[in-house]
Amino acid sequence: MSNLIHRLRLSHKFGLLALLGALMLAPPMTYYLVDAEAELAYTRQEVAGLQPSAALLKLIRLTQQHRGLTATVLGGKAEAEGQRAERQREVDQALGEFAALAAGIEDPKFAEGWQQAQQQWKTLSAQVAQRQLAAPASFAGHSALVELQLDLHGRLVSHYGLDLDPEPVSYHLVIATMTQLPQLTEQLGKLRGSGSGILARGQATVADRAMLGGLSESARGEMHQLLTTLERALEHDPALRERMTGPIEQARAGVERTRETLRTELIEAEVLTLPSAEYFQATTKVIDQVFAVHGLASEALATALQDRTERLQRNEWLVIGLSVLMVGLCGLLARSIVRSILQATDDARRMAERIAAGDLSPEPLRTSEDELGRMMQAMEAMRLSLTEVVGTVRENAVSVAAASAQIAQGNIDLSSRTEQQAAALQQTAATMDQLGSTVSHNADHAREADGLAREASELASRGGQMVSQVVGTMGGISEASRKIGDIIGVIDSIAFQTNILALNAAVEAARAGEQGRGFAVVATEVRNLAQRSAEAAREIKALISASVERVEQGVSLVDQTGRSVGEVVASIRRVSDIVAQISAASAEQSTGVAQVGQAVTQMDRATQQNAALVEQSAAAAGTLKSQAEQLVDAVARFRVAA
């Protein structure tokens with residue numbers, strides 16, 4: 001379900017909400033409309049029952065009048081026959097009118113009772129017209145017929161639901177006009193019919209007087225009930241009370257006059273002197289007054305029912321109209337809300353698309369204080385923050401690109417210089433290899449010279465002992481002196497070459513700068529030793545030359561030989577010591593030169609590694625420059641306000 005909802009657009013979601021609202025509104029609205037329509041139909045049914053009720057009450061009224069006129073005629077007043085016959089025709093006409101209305105009443109018992117009433121009237125009217133009934137039988141027959149008609153009227157009232165009216169005014173009007181008032185008119189009608197018959201005969205029996213007294217009490221009770229019911233109806237309608245108070249009072253007074261007349265002229269009178277026609281007319285007038293009240297009450301009832309029908313219809317249409325209006329207003333409001341939400345979401349979408357496309361330029365925003373407005377404000381704050389970040393990134397990217405370009409150029413220059421330094425170190429390493437070889441040879445020669453010096457020292461020592469043999473061995477000494485001179489020449493040559501190598505090493509150390517400082521110190525020490533060796537060799541050479549001259553002069557200088565030999569021994573010892581020092585220095589020099597060579601070799605490897613690192617750094621700087629340029633290009637796609 002959630003996946004389906006997530007796939008729907010906002011307009012469709014709001015449409016579903018509207019449909020859900022309509023579905024929620026439909027049950028109570030339907031219930032109200034059904035209930036209102038049922039109440040309206042019930043009221044219309046009541047209104048539909050007013051006409052049949054009025055027609056049947058008219059029939060009852062005419063039947064009652066026919067009963068009274070018949071009693072007068074049968075009592076001996078033949079002059080009333082014309083009125084009776086006229087009333088019979090009116091009853092037949094009213095019967096036909098009601099028969100047309102009764103055809104629409106679908107009630108089997110009512111239909112059965114109506115057929116019985118029609119049959120009774122047909123039989124009764126025929127018998128009265130042919131004078132086949134005595135007055136008591138006619139009165140009883142008419143009363144039975146009216147009683148049947150009243151029962152039919154009660155069933156008719158129930159059929160149309162008038163006796164269950166839901167409102168107080170109309171309910172009491174229905175009870176008064178359709179139940180109590182017909183019963184009152186029936187009691188008055190019986191008083192009129194029986195009294196007219198008794199007055200027409202001119203005498204009244206005890207039973208007649210008792211019957212009239214009972215009917216009078218019944219009329220009084222019915223009148224009291226009618227007044228009570230009308231009072232209950234009128235207390236809810238002041239306007240109706242004002243309109244009906246007069247007629248009701250006239251009817252009440254008329255009933256009381258009738259009862260009083262009945263008491264004085266019939267029940268308590270010893271001689272009946274009141275004319276039957278006068279009594280009939282007076283009683284008929286009272287009944288007419290009662291029916292006048294009935295007419296007003298029936299009119300009020302019809303008005304109340306009609307007003308209720310119109311009110312219910314109006315309320316129903318009002319509710320429907322208000323519902324449609326509310327639905328329409330809700331629809332318009334929902335449409336406005338949906339449009340505002342969709343506009344806000346469209347603005348947010350467009351802003352997001354513009355930001356995604358790199359456009360960070362400002363755009364006028366719709367101002368609102370709801371959640372969507374705050375979201376737009378947050379997105380605007382995000383746009384401003386992105387604008388600031390992009391501006392900063394753009395500036396830094398340009399700076400990084402420029403710096404990376406400088407670093408790349410510097411790395412290229414450093415790589416070139418490092419390659420040159422590596423080449424120079426390679427040459428220095430080669431030179432140091434040669435110098436190490438030369439120093440090694442010098443060390444070997446120094447060791448040989450040291451051996452020779454020791455031998456010379458030994459020879460000199462023995463020479464002191466063989467002074468006597470000096471002359472004999474002078475030639476050998478001369479020969480040895482020449483060899484020593486050659487050796488000293490070699491030593492001098494070694495010292496000279498060592499001095500040259502030390503000078504070259506000093507020059508190379510000076511070129512190496514700080515890294516060749518230690519090597520320069522060693523080269524200086526080697527040079528000093530070489531100079532000392534050269535000076536010693538020159539001194540030895542001078543001594544050997546003097547020795548040779550002295551040997552050549554040996555014969556003449558024999559007396560000085562002892563002293564000279566002693567000096568020679570001392571000098572040879574010094575030479576031996578110097579040669580030993582030269583040998584040790586040469587060994588140290590050889591070791592130092594080897595160490596310098598190793599150091600130079602290591603410097604060469606380090607320089608080559610540095611050159612490789614510089615090349616890698618240059619490549620990395622180039623990559624950084626390329627990435628910085630790409631970053632500048634990437635940031636350049638964002639457009640910000642000028």
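Kindly write out, for the range 397-408 in residue order, the coupling ³J(HN,Hα) from the Karplus curve 6.51 cos²θ - 1.76 cosθ + 1.60 (θ = phi - 60°), rounded to whole Hz, with x marking Gly and Pro.
Each residue of the range 397-408 in turn: 5, 5, 4, 4, 4, 5, 5, 5, 5, 5, 4, 4 Hz.
Expressed as an acute angle from 0 to 90° and rounded to the nearest 10, what is the orientation of the C-alpha long axis of helix 206-234 relative to the principal long axis of the chain?
Helix 206-234 and the main axis of the chain meet at about 30 degrees.
Per the helix-only calculation at 222 nm, which mean residue ellipticity applies to the chain, given -39500 (n - 2.57) for every DSSP H run of n ≥ 4 and division by its residues, nearest 500 deg cm²/dmol?
Rounded to the nearest 500, it is -32000 deg cm²/dmol.
Length gain on complete extension for the stretch Glu231 to Glu369, per 0.36 nm per residue less the alpha carbon to alpha carbon distance?
Extending this stretch completely gives an extra 43.3 nm.
Please say if the range 46-113 is rounded, prolate or oblate, where rounded means a/c under 1.5 for a ≥ b ≥ c the square roots of the C-alpha gyration tensor eigenvalues, and otherwise the choice is prolate for a/b larger than b/c and oblate otherwise?
Since a/c reaches 1.5 and a/b is larger than b/c, the shape of the range 46-113 is classed as prolate.
Based on the alpha carbon coordinates of the chain, what radius of gyration and maximum Cα-Cα distance (Dmax) apply, in Å?
Answer for the chain, Rg first and Dmax second: 78.0, 237 Å.
Excluding residues fewer than 8 places away in the same chain, name every one of the aspartates and glutamates whose C-alpha is closer than 19 Å to that of Lys285.
Leaving aside aspartates and glutamates fewer than 8 places away in the same chain, those within reach of Lys285 are Glu86, Glu90, Glu186, Glu222, Glu249, Glu256, Glu260, Glu265.
Rounding to the nearest 20 debye, state how big the charge dipole of the chain is about its Cα centre with +1 on each Lys and Arg Cβ and -1 on each Asp and Glu Cβ.
Using Cβ point charges on Lys, Arg, Asp and Glu, the chain gives about 720 debye.
Quick check: Cα centre of the range 53-125 to Cα centre of the range 305-347, how many Å?
Cα centres, the range 53-125 to the range 305-347: 57 Å.
I need the phi-derived Karplus couplings for the range 17-29: 6.51 cos²θ - 1.76 cosθ + 1.60, θ = phi - 60°, integer Hz, Gly and Pro marked x.
Using θ = phi - 60°, the values come out as 5, 4, 5, 5, x, 5, 5, 6, 7, 4, x, x, 5 Hz.
Provide the per-residue ³J(HN,Hα) series for the range 181-197, in order, calculated from phi with Karplus coefficients 6.51, -1.76, 1.60 and θ = phi - 60°, each as a whole number of Hz, with x at glycine and proline positions.
Values per residue, Gly and Pro as x: 5, x, 5, 5, 5, 5, 5, 5, x, 5, 4, 5, x, 5, x, 5, x Hz.
For Asp359, which sequence-distant residues (separation of 5 or more, or a different chain) have an amide H within less than 5 Å of its own amide H, given hydrogens modelled in the peptide plane?
Those lying under 5 Å, H to H, from Asp359 are Arg639.
To test your reading of the geometry: what angle, between 0 and 90 degrees and rounded to tens, separates the Cα axis of helix 81-102 from the longest principal axis of the chain?
20
What are the semi-axes of the equivalent ellipsoid for the range 1-125, taken as the square roots of 5 times the Cα gyration tensor eigenvalues, largest first, in whole Å?
Calculated on Cα positions only, the semi-axes equal 66, 13, 9 Å.
Quick check: pseudo-label points 7 Å beyond the Cα along Cα→Cβ at Val34 and Arg339, how many nm apart are they?
For Val34 paired with Arg339, the spin-label model returns 3.8 nm.
For the peptides 336-348, 247-259, 29-41, what is the packing order when you average, over each peptide's residues, the other Cβ atoms within 10 Å and list the highest mean first?
Answer by packing, highest mean first, reads 247-259, 336-348, 29-41.
Give, rounded to the nearest 20 debye, the magnitude of the charge dipole that the range 165-316 has about its Cα centre when Lys and Arg contribute +1 at Cβ and Asp and Glu contribute -1 at Cβ.
260
Hey, if you put +1 on the Cβ of every Lys and Arg and -1 on every Asp and Glu Cβ in the chain, which of Thr205, Ala99, Gln132 ends up farthest toward the positive end of that dipole?
Final value for the positive-end residue is Gln132.
In Å, what Rg and Dmax follow from the Cα atoms of the range 165-316?
Final numbers for Rg and Dmax: 18.2, 67 Å.
Measure nothing fancy, just the Cα-based angle from helix 108-129's long axis to the longest principal axis of the chain, in degrees from 0 to 90, nearest 10.
20
How would you rank 191-204, 80-93, 107-120, highest first, on the average number of other Cβ atoms within 10 Å across their residues?
Descending mean neighbour count gives 191-204, 80-93, 107-120.
If I model a spin label as a point 7 Å beyond the Cα along the Cα-Cβ vector, how far apart are those points for Val398 and Ala253 in nm?
It works out to 11.6 nm between the two label points.
Among Ile578, Ala408, Leu501, flag the residue with its Cα farthest along the positive direction of the charge dipole of the chain, charges on Cβ as +1 for Lys/Arg and -1 for Asp/Glu.
Ala408
Where does the charge balance sit around Ala204 when Lys and Arg score +1, Asp and Glu -1, over other residues with C-beta under 12 Å from its C-beta?
Summing Lys and Arg as +1 and Asp and Glu as -1 gives -2.
Of Ala334, Tyr279, Met244, which is farthest on the positive side of the dipole of the range 237-385, counting Cα position, with +1 on Lys and Arg Cβ, -1 on Asp and Glu Cβ, and the Cα centre as origin?
Ala334
Determine the sum of side-chain charges near Ala534: Lys and Arg each +1, Asp and Glu each -1, restricted to other residues whose C-beta is under 14 angstrom from that of Ala534.
Local charge sum for Ala534: +1.
Starting from the Cα-Cα distance between Leu17 and Thr264, subtract it from 0.36 nm times their residue separation and give me the gain in nm to one decimal.
Full-extension gain reported as 80.5 nm.
FYI, it's all coordinate maths here, none of it is from the lab. All values reported here derive from a predicted model rather than from experimental measurement. Positions of Cβ are backbone-derived with ideal geometry, glycine not excepted, and every protein chain shown enters the neighbour counts.
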